[in-house]
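Below you'll find the structure, written out as structure tokens, and then a few comments.
A short reminder: the numbers here are calculations on the coordinates, not readings from a lab. Just so you know, these numbers come straight off a predicted model, no measurement behind them. Cβ placement follows ideal geometry from the backbone for every residue including glycine, while neighbour counts extend to all protein chains displayed.
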Amino acid sequence: CHGCCCCSVQATQGGYALVFPLQPLQGALVEPADVTGGRDATKLNLWAPAHRASKAAVLPGCSCYTCKHHTRAYLHHLLQVNEMLADVLLDIHNTHHFEAWMAAIRAAIAAGTFTAYAAWFRALLSSNSGNQDHTEAPLVEAGQRFESKQRKDRAAGEEQPPAKRPNTQVASA
């Protein structure tokens, strides 16, 4: 997929939030593409230093849990420290946004305007094709950040054996 906004899982793994407009009228309201700030027409690169102190929601106006309760700066921090919560919160947002996109597509089909909707969306993607910035945070394979941290820990001799779980079984009477 190589950065296509349609790949929610790959976007999440790369530290990207899907932010493409869902309707043609919203396209005029989208912030201009700014790859230096970690943004293009389809996704927001939360690894980008521009989000280090941003108190903005991932996508202003989005009704998902992540956007209602967390800032871009917080997600940027979570990514920087390889915290698993970053992937969870990004997945919540990206899944919500992807489902809203599917709802917009179903509405266009029901209204008989899908051909025009698809043409608009293809134009959005093609206008974005020259603005991708993969130098700051390329899409990564599943678990690559975590595995990289494990390798560093092993190299430093810090790997700890898994803790034993206490026996929590209830004895039957």
Taking a crude spin-label model, label points 7 Å out from Cα along the C-beta direction, the Ala53 to Arg122 distance in nm is 4.5
Lys68-Arg106 FRET efficiency (beta carbon distance; Förster radius 35 Å; 0.05 resolution):
0.90
